[in-house]
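Take a look at the structure set out below.
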Amino acid sequence: MSKILAITNQKGGVGKTTTGVNLAASLAAAHKRVLLVDLDPQGNATMGSGVDKRNLALTIYPVLLGDRTLAEVLQHSVNGDYDVIPANRELAGAEVEMVDLERREMRLKEALATVEASYDFILIDCPPALNLLTVNGLTAAHAVMIPMQCEYYALEGLSDLVQTIKKVRTHLNPGLQIEGLLRTMYDPRNTLAQQVSAQLEQHFGDKVYRTVIPRNIRLAEAPSYGLPALKFDRNSKGAQAYIDLAGEMLGRDVPAA
Ligand code: ATP
Ligand code: MG
């Protein structure tokens with residue numbers, strides 16, 4: 001059975017897309033069949049996967065409106081060795097156009113049901129907002145992965161997200177779990193980051209991934225070449241951290257003997 005993960009944090013620029021692209025590539029390198037769904041009109045996961053968002057005839061947008069099937073819009077990331085459902089700015093219109101549609105929160109879930117059997121992991125890169133697109137991501141997912149920077153306001157932002165997750169659980173997706181919190185852009189020399197990191201572990205215990213993603217310039221450079229970091233500079237600390245994260249996730253998923 002596939003595992004569907006929504007990568008979510010309404011705070012912008014915390015490393016959601018970097019995590020989506022690099023985790024997809026790392027799981028693919030571990031011989032898993034992976035689909036990365038770009039659910040953000042910014043289209044960064046699409047570009048970061050080496051798929052040019054400017055030259056796309058079809059994206060996730062007509063799928064959410066019910067005009068196309070997921071299979072019709074599917075692309076393959078040659079660079080990352082995984083499949084991609086691309087997005088671009090036209091998705092910004094979906095929020096308004098979906099409001100009057102029936103089952104508007106279930107659109108992605110219903111679309112993914114048609115391809116789910118072909119994948120071990122489906123990763124959904126959500127936009128930086130708690131909007132209808134993100135609700136579609138949370139409704140379609142088995143669990144949520146929350147990338148976060150260890151900053152002063154990080155914990156405050158988390159409580160809004162946890163409230164949204166609870167609402168989605170009550171009304172739309174009773175099985176939704178929190179898969180894990182991922183510390184991103186971590187600088188171990190920063191005392192505040194150390195303190196927030198320790199607080200996170202206190203509050204969330206083993207929901208915090210042991211793998212920490214360091215601040216690493218290679219992770220920031222790779223997307224401009226349309227490459228995941230492990231194809232850009234495999235030995236970089238950033239690429240290695242995402243390989244470790246994939247290993248931690250796969251280890252967690254091994255059933256007890
Ligand atoms: P948005 O909310 O806009 O979708 P996001 O949460 O998806 O943003 P990213 O786009 O992944 O965040 O990252 C924000 C910026 O930080 C990007 O320029 C990215 O290249 C850079 N970045 C992400 N992770 C790291 C890291 N570990 N080290 C250095 N730079 C990073
Ligand atoms: Mg993003």
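For every residue, the table says whether it meets (1) aliphatic (A, V, I, L, M); (2) modelled with pLDDT under 95; (3) assigned to a strand (DSSP E or B); (4) out of contact with any Phe, Trp or Tyr (no Cβ under 9 Å at 6 or more places or on another chain).
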site	(1), (2), (3), (4)
Met1	yes, yes, no, yes
Leu5	yes, no, yes, no
Asn9	no, no, no, yes
Val14	yes, no, no, yes
Asn22	no, no, no, no
Ala28	yes, no, no, no
His31	no, no, no, yes
Leu35	yes, no, yes, no
Asn235 - would you say it is within 16 Å of Gln149 (Cα to Cα), among the polar types (S, T, N, Q) and more than 16 Å from ligand 2 (Cβ to nearest atom)? no
Handout entry: Test: Gly12 is more than 16 Å from ligand 1 (Cβ to nearest atom) and of a type in the set (Gly, Ala, Ser)
Key = no
Heads up, the helices (runs of 4 or more DSSP H) in segment 70-178 (entirely inside) with at least 2 residues that are open to solvent by 50 Å² or more (accessible area, probe 1.4 Å) and modelled with pLDDT under 95 are 94-98, 154-171
By residue number, the members of segment 201-257 that are touching a strand residue (DSSP E or B) at 6+ places or on another chain (Cβ under 8 Å), closer than 15 Å to Met185 by Cα and either in a helix (DSSP H, G or I) or aromatic (Phe, Trp, Tyr) (or both) are Tyr209, Lys237, Gly238, Ala241, Leu245
Is it true that Glu248 is of a type in the set (Asp, Glu) and within 10 Å of ligand 1 (Cβ to nearest atom)? no
ask   = Has segment 28-47 got at least one residue that is hydrophobic (A, V, I, L, M, F, W, C) and within 9 Å of ligand 2 (Cβ to nearest atom)?
value = yes
When you scan segment 227-239, do you find a residue that is farther than 13 Å from Leu27 by Cβ, free of Cβ contacts under 8 Å to residues at least 12 places away in the same chain and of a type in the set (Ser, Thr, Tyr), even just one?
no
When Glu90 is run through (1) more than 11 Å from Pro41 (Cα to Cα); (2) free of Cβ contacts under 8 Å to residues at least 60 places away in the same chain, the failure sits at (1)
The residue that is nearest to Leu158 (Cα to Cα), considering only those in segment 196-238 that are touching a Phe, Trp or Tyr at 6+ places or on another chain (Cβ under 9 Å) and open to solvent by 80 Å² or more (accessible area, probe 1.4 Å), is Arg215
Picking from Arg107, Arg89, the residue that is within 14 Å of ligand 1 (Cβ to nearest atom), out of contact with any strand residue (DSSP E or B) (no Cβ under 9 Å at 6 or more places or on another chain) and more than 15 Å from Gly226 (Cα to Cα) would be Arg89
Scanning segment 7-45 for residues that are under 19 Å from Ala140 (Cα atoms) and surrounded by fewer than 21 Cβ atoms within 10 Å (Cβ to Cβ) gives Gln10, Arg33
The condition from (1) more than 17 Å from the chain's Cα centre (by Cα); (2) within 14 Å of Leu108 (Cβ to Cβ) that Asn55 misses is numbered (2)
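The values are calculated or read from the model by the stated rules, or taken from the named source; none is laboratory data. Keep in mind that what you see is a predicted model, and the values were worked out from it rather than measured. No Cβ is skipped: glycine too gets one built from the backbone with ideal geometry, and neighbour counts run over all protein chains shown. These area figures cover heavy atoms from the full protein model, side chains too; ligands, DNA and RNA do not enter into them. Shrake-Rupley method; radii C 1.70, N 1.55, O 1.52, S 1.80 Å.
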